[in-house]
């Protein structure tokens, strides 16, 4: 992938200014920054909760193998991997 030099960045900035205008550019940048912060926070929370889920709970493993009644009232054994 080619590198972006200063000339290319200036051209991109001019095009963005023409599309959004100077007034909306600040709000677009703020919204983009907030979105990135929210995404990073969600990724961090996902990593933390992923560590908690690595330790399976014995009670949930037992509840998965209990018989379940279907609509007709018959019992079926449901086991998940």
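The values are calculated or read from the model by the stated rules, or taken from the named source; none is laboratory data. Since this is a predicted model, take the numbers as computed values, not measurements. All Cβ positions, even for glycine, are placed from backbone atoms using ideal geometry, and neighbour counts span all protein chains on display.
Any chance the range 45-60 includes a residue that's in a strand (DSSP E or B) and at pLDDT below 65? Don't jump to the end; show me each part of the working.
Restricting attention to the range 45-60, the residues satisfying the condition of being in a strand (DSSP E or B) are none.
No; the residues of the range 45-60 include none that is in a strand (DSSP E or B) and at pLDDT below 65.
Select, from 32, 17, 13, the only residue that is touching a helix residue (DSSP H, G or I) at 6+ places or on another chain (Cβ under 8 Å) and modelled with pLDDT of 80 or more. Reasoning before the result, please.
Details: 32 fails: touching a helix residue (DSSP H, G or I) at 6+ places or on another chain (Cβ under 8 Å); 13 fails: touching a helix residue (DSSP H, G or I) at 6+ places or on another chain (Cβ under 8 Å).
Criteria check complete, one pass: 17.
Go over the candidates 13, 4, 25, 17 one by one and state the one that is surrounded by 10 or more Cβ atoms within 10 Å (Cβ to Cβ) and in a loop (DSSP other than H, G, I, E, B). Outline the logic, then answer.
Working: 13 fails: in a loop (DSSP other than H, G, I, E, B); 25 fails: in a loop (DSSP other than H, G, I, E, B); 17 fails: in a loop (DSSP other than H, G, I, E, B).
On inspection, the qualifying residue turns out to be 4.
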